[in-house]
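S.K.: Questions regarding the structure given below will be posed in turn.
The values are calculated or read from the model by the stated rules, or taken from the named source; none is laboratory data. Treat the numbers as computed from the prediction; the structure is a model and nothing was measured. No Cβ is skipped: glycine too gets one built from the backbone with ideal geometry, and neighbour counts run over all protein chains shown.
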């Protein structure tokens, strides 16, 4: 292996035990990264909930697209994050959501006091 670069040829030359060990390490890293993203998203959600106004609140969510062949959704990764504005239903119990977008508009960011460092970039 040349100066830290991993190539397909190098991987193919590994014996099965080494290959399994590396695969397990990669899986662990992917799981840790996914957990970190999930925790960060949950912190953003709870911060947005704490700053709710008139029983309205913002949430940053990852969603399924609904396409049958979507590899991202099949892997559990989902799309986004996207901002949603939740508010009580006008008639009756429950709540309704409104898609805001991938980028939080400045007016909502100011209204809900969401600092720039808590808004994901594109």
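S.K.: Being assigned to a loop (DSSP other than H, G, I, E, B) and loosely packed, with under 10 Cβ neighbours inside 10 Å is the filter here, so list the residues in the range 66-103 that pass it.
M.R.: Once the filter is applied, which keeps residues that are assigned to a loop (DSSP other than H, G, I, E, B) and loosely packed, with under 10 Cβ neighbours inside 10 Å, the range 66-103 yields 66, 68, 69, 76, 89, 90, 91, 92, 93, 94.
S.K.: Looking at 44, 55, which one is exposed (fewer than 10 other Cβ atoms within 10 Å of the Cβ) and touching a residue at least 12 places away in the same chain (Cβ under 8 Å)? Outline the logic, then answer.
M.R.: On the way: 44 fails: exposed (fewer than 10 other Cβ atoms within 10 Å of the Cβ).
Exactly one of 44, 55 is exposed (fewer than 10 other Cβ atoms within 10 Å of the Cβ) and touching a residue at least 12 places away in the same chain (Cβ under 8 Å), namely 55.
S.K.: Which condition from (1) assigned to a loop (DSSP other than H, G, I, E, B); (2) closer than 30 Å to residue 6 by Cβ; (3) touching a residue at least 40 places away in the same chain (Cβ under 8 Å) is the one that residue 34 breaks?
M.R.: (1)
S.K.: So for the range 51-61 (the condition being out of contact with any helix residue (DSSP H, G or I) (no Cβ under 9 Å at 6 or more places or on another chain) and modelled with pLDDT of 90 or more), does at least one residue qualify?
M.R.: No, the range 51-61 contains no residue that is out of contact with any helix residue (DSSP H, G or I) (no Cβ under 9 Å at 6 or more places or on another chain) and modelled with pLDDT of 90 or more.
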